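Enquirer: I have a structure I would like to understand better, so I am pasting it below and will then ask my questions one at a time.
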Amino acid sequence: MRKSLIDLLADPESHAPLELEQGASANGEVLEGTLRTADGRTYSVVRGIPRFIEIEDAGQQQTADTFGFKWHQRDSYDSPGFREFALDWFLERYGFESRDDLRSFFRRQRLTLDAGCGAGFTASLWLEPGWRGDEQAEWVGLDISTAIDVAKDRLGSVDGVHFVQGDVSSPPFAPGTFDAILSEGVLHHTPSTEAAIRALASALAPGGELLFYVYRKKGPLREFADDYIRSVVSKMPPDEAWEALRPLTKLAQALAELDMAVEVPEDIPYLQIAAGEHDVQRLLYWNFLKLFWNPKLSFEENNHVNFDWYHPQYAHRQTEEQLREWCGDCGLEIFHLVEQESGFTIRAKKV
């Protein structure tokens, strides 16, 4: 078992190994310093976090800024109610029976990459001191944004964890490094979902498992409205966008509090609207524009979810056919696929 994070790292472009040129270290981990490749490329280590950030794509920079801002708003996602909501939804989609079952899965993996870990929120649902038991499992959180610093503040005291700032589309690790890679709601926020899947598949060891969730393409009116609102809101600074989305969240609340249903007499296939009784808020939510509201969460938590959807410039939606094709092309065999109105949850083995 490798004991040092440096042993896991590689240049994100050439995959060449890295050496510590200068810096301070403790217990095998670099605290501050410079990493260098044999051909002279250098990367800094700040606060014990290696930084591989060279964003040239403006859309990717905007998306990174979005999530850096969002994950610093801890009062909008860290309540017991929000955590319970997130854990239940995660277990349901990925097919784990309980939090203990989820923790046991990652305990069995020699090396796990949390690709796009953000503030470590998803990992915190099961990652806690003693999570490894008698095993020597290691967890590496990777994120392109400054949320990686929030993740370290939250989880840095947990045994067997490491933090890296870098891009999931060009992860700074040698091919075949990880036994499991989790990417929960991240790959659609890159310039290309397909390229991101391919990059993570390369970092996965043969027989390893990739677990990920991506958005599903929705009906034409919802797609149009989402694209329009995103085109307006994504141009705003994150704090202004957060405020601009409050009226939308208030509308979602008002519609939900109507607690009324409407009968759709017949299927409307060209709008992807099914016949039957629909709650008014959910009918609008799934078919016209995202109006998230959960009465068990606070207003800020609900606004957080709407911000998460509308502010990132990159928020691609996929079809099942695309995902099956892309996974097949990079040697991933899907054995678990859950389709919901919101998106697809996939578990696949590298063959």
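The values are calculated or read from the model by the stated rules, or taken from the named source; none is laboratory data. Computed from a predicted model, the values in this text were never measured in an experiment. Backbone-built Cβ (ideal geometry, glycine too); neighbour counts: all protein chains shown. Remember, those area values only see protein heavy atoms, side chains included, never the ligands or the DNA or RNA. Shrake-Rupley method; radii C 1.70, N 1.55, O 1.52, S 1.80 Å.
Enquirer: Within segment 242-266, take every residue that is part of a helix (DSSP H, G or I) and among the aliphatic types (A, V, I, L, M) and give me the one that is surrounded by the fewest Cβ atoms within 10 Å (Cβ to Cβ).
Expert: Top of the filtered list is 258.
Enquirer: Considering only segment 286-300, state which residues are assigned to a helix (DSSP H, G or I) and touching an Asp or Glu at 6+ places or on another chain (Cβ under 9 Å).
Expert: Those that are assigned to a helix (DSSP H, G or I) and touching an Asp or Glu at 6+ places or on another chain (Cβ under 9 Å): 286, 300.
Enquirer: If the Cβ limit is 8 Å and pairs must be 6+ apart or interchain, which residue in segment 219-248 that is more than 14 Å from residue 290 (Cβ to Cβ) pairs with which residue that is surrounded by fewer than 17 Cβ atoms within 10 Å (Cβ to Cβ) and among the hydroxyl-bearing types (Ser, Thr, Tyr)?
Expert: Close Cβ pairs (under 8 Å, with a partner that is surrounded by fewer than 17 Cβ atoms within 10 Å (Cβ to Cβ) and among the hydroxyl-bearing types (Ser, Thr, Tyr)) amount to 220/270.
Enquirer: Can you tell me which residue in segment 116-149 is nearest to residue 82 (Cα to Cα), limited to those that are open to solvent by less than 10 Å² (accessible area, probe 1.4 Å) and β-branched (Val, Ile, Thr)?
Expert: 148
Enquirer: Then there is this: Regarding residue 261, is this residue modelled with pLDDT of 95 or more and more than 24 Å from residue 76 (Cβ to Cβ)?
Expert: Against the criterion (modelled with pLDDT of 95 or more and more than 24 Å from residue 76 (Cβ to Cβ)), residue 261 qualifies.
Enquirer: Mind checking which residues of segment 327-345 are in a helix (DSSP H, G or I) and surrounded by fewer than 20 Cβ atoms within 10 Å (Cβ to Cβ)?
Expert: 328, 329
Enquirer: Go through (1) open to solvent by 10 Å² or more (accessible area, probe 1.4 Å); (2) in a strand (DSSP E or B) for residue 199 and report which single condition fails.
Expert: Condition not satisfied by residue 199: (2).
Enquirer: Let me ask something else about it. Of the residues 348, 315, which single one is part of a loop (DSSP other than H, G, I, E, B), of a type in the set (A, V, I, L, M, F, W, C) and under 20 Å from the mean Cα position of the chain (by Cα)?
Expert: Values: 348 fails: part of a loop (DSSP other than H, G, I, E, B).
The unique qualifying residue is 315.
Enquirer: For segment 204-241: of the residues being assigned to a helix (DSSP H, G or I) and acidic (Asp, Glu), which is least open to solvent (accessible area, probe 1.4 Å)?
Expert: So the residue we want is 226.
Enquirer: From the list 299, 288, 292, which residue is farther than 20 Å from residue 227 by Cα, of a type in the set (Phe, Trp, Tyr) and at pLDDT 95 or above? Talk me through it step by step, then tell me what you get.
Expert: Numbers: 288 fails: farther than 20 Å from residue 227 by Cα; 292 fails: farther than 20 Å from residue 227 by Cα.
Only one candidate passes the filter, namely 299.
Enquirer: Could you list all residues from segment 70-98 that are part of a helix (DSSP H, G or I), crowded, with 18+ Cβ neighbours inside 10 Å and more than 16 Å from the chain's Cα centre (by Cα)?
Expert: 76, 82 - these are the residues of segment 70-98 that are part of a helix (DSSP H, G or I), crowded, with 18+ Cβ neighbours inside 10 Å and more than 16 Å from the chain's Cα centre (by Cα).
Enquirer: Considering each residue of segment 150-196, count those that are of a type in the set (Asp, Glu), in contact with a helix residue (DSSP H, G or I) (Cβ under 7 Å, 6 or more places away or on another chain) and crowded, with 21+ Cβ neighbours inside 10 Å, and give that number.
Expert: Result for segment 150-196: 1.
Enquirer: Inside segment 99-113, can you point out the residues that are part of a helix (DSSP H, G or I) and open to solvent by less than 20 Å² (accessible area, probe 1.4 Å)?
Expert: Those that are part of a helix (DSSP H, G or I) and open to solvent by less than 20 Å² (accessible area, probe 1.4 Å): 102, 105, 106.
Enquirer: What do you reckon, is residue 266 modelled with pLDDT of 95 or more, under 27 Å from the mean Cα position of the chain (by Cα) and charged (D, E, K, R)?
Expert: Considered against the rule, which asks whether it is modelled with pLDDT of 95 or more, under 27 Å from the mean Cα position of the chain (by Cα) and charged (D, E, K, R), residue 266 comes out as no.
Enquirer: Please work out if residue 175 is part of a loop (DSSP other than H, G, I, E, B), closer than 18 Å to residue 348 by Cα and not polar (S, T, N, Q).
Expert: yes
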